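The structure under discussion appears below in the form of structure tokens.
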Amino acid sequence: MKSYEKLLAANKEWAENVVKNDPDFFNRLLNVQTPEFLWIGCSDSRVPPNEITQTHPGEIFIHRNIANMVVHTDLNMLSVLEYAVNVLKVKHVVVCGHYGCGGVKAAMTRHSVGIINKWLRNIKDVYRFHRDEIDTIADEEARTNKLIELNVQEQVMNLAKTSIIQKAWKDRQAPQLHGWVYDLHDGIINPVFEMEAGAHLDPLYEFDNL
């Protein structure tokens with residue numbers, strides 16, 4: 001059996017087992033989607049959101065990209081955010097990175113990696129903002145992991161700077177924003193940053209006409 005055929009066979013087995021254990025499972029999901037969470041995570045194949053949180057289909061709305069970035073010119077991410085916040089009315093938005101992230105590692109070097117350079121430049125900016133703190137760390141792995149945590153924090157802040165989040169905070173006092181980092185060594189999620197709905201921002205980033 002070819003590798004991709006194994007995926008199709010596994011899918012069929014999974015669907016059959018789901019129906020066997022819960023005959024109405026797919027009928028319940030068919031016409032309604034009411035997740036409480038939007039997950040903005042890394043594309044890394046070792047960090048599957050549903051599996052590491054033990055959630056079922058329909059419980060988490062998911063967007064993934066390299067190094068779990070919230071970039072204000074990324075129409076894909078913004079479209080997902082708009083739909084999750086204003087249509088699905090999610091209560092929580094999670095930015096989840098992971099220790100050992102290859103995107104963050106690449107951003108800490110001066111090596112060109114092709115078109116991805118343009119994406120990684122956003123992480124380089126985070127490094128520049130926090131260079132004094134990061135460069136005091138002697139151990140290379142610890143230094144990388146500190147940038148991973150700080151990058152998650154900055155991406156949560158980038159969420160708060162969007163008009164999408166600020167309007168939702170004004171209209172319905174939600175969603176709450178969370179910054180988490182997943183550890184590949186033990187499978188545990190480490191919360192590193194939180195923002196309650198309506199949290200104070202530098203006035204420069206606050207919209208007064210929403």
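Ranked by the mean number of other Cβ atoms within 10 Å of their residues, highest first, the peptides 93-105, 176-188 fall in the order 93-105, 176-188. Charge tally around Ala107: other residues with Cβ under 11 Å, Lys/Arg +1 each, Asp/Glu -1 each, net +4.
When Arg172, Arg64 are ordered from fewest to most other Cβ atoms inside 10 Å of their Cβ, what list results? Provide the component values of the computation, followed by the final result.
On the way: Arg172 13, Arg64 17.
Fewest-to-most ranking of Arg172, Arg64: Arg172, Arg64.
With a simple spin-label model that places each label point 7 Å from the Cα along the Cα-to-Cβ direction, the separation between Asn190 and Lys6 comes to 3.2 nm. The alpha carbon centroids of region 112-165 and region 4-67 are separated by 29 Å. Computed over neighbours whose Cβ is under 15 Å from that of Leu184, the net charge equals -4, Lys and Arg +1, Asp and Glu -1. Using a simple spin-label model with pseudo-atoms 7 Å out from Cα toward Cβ, Leu75 and Asp183 lie 4.2 nm apart. In straight-distance terms, cross-link reach from Lys118 covers every one of the lysines whose alpha-carbon lies under 26 Å from its own, apart from those fewer than eight places away in the same chain; here that gives Lys105, Lys146, Lys161. Under 30 Å of direct C-alpha separation, and excluding same-chain neighbours fewer than eight residues apart, Lys2 reaches these lysines: Lys12, Lys20. Distance between the modelled labels on Leu201 and Glu36, one decimal in nanometres: 2.6 nm (7 Å Cα→Cβ projection). Only lysines eight or more places from Lys89 in sequence, or on another chain, were considered; those with a Cα closer than 16 Å are Lys167, Lys170. Taking every DSSP bridge with both residues inside the chain, close to 25 percent are antiparallel. Going by neighbour counts of Cβ atoms within 10 Å, the residues Phe25, Phe129, Phe61 line up, fewest first, as Phe129, Phe25, Phe61.
Between Lys89 and Ala138, what is the FRET efficiency for a Förster distance of 35 Å, r being their Cβ-Cβ separation, to the nearest 0.05? According to the calculation, E is roughly 0.15.
Bear in mind that the values in this text are calculations on the coordinates, not laboratory data. This is a predicted model, so every value here is computed, not measured. Because the Cβ atoms are built from the backbone with ideal geometry, glycine has one as well, and the counts that use them run over all protein chains shown.
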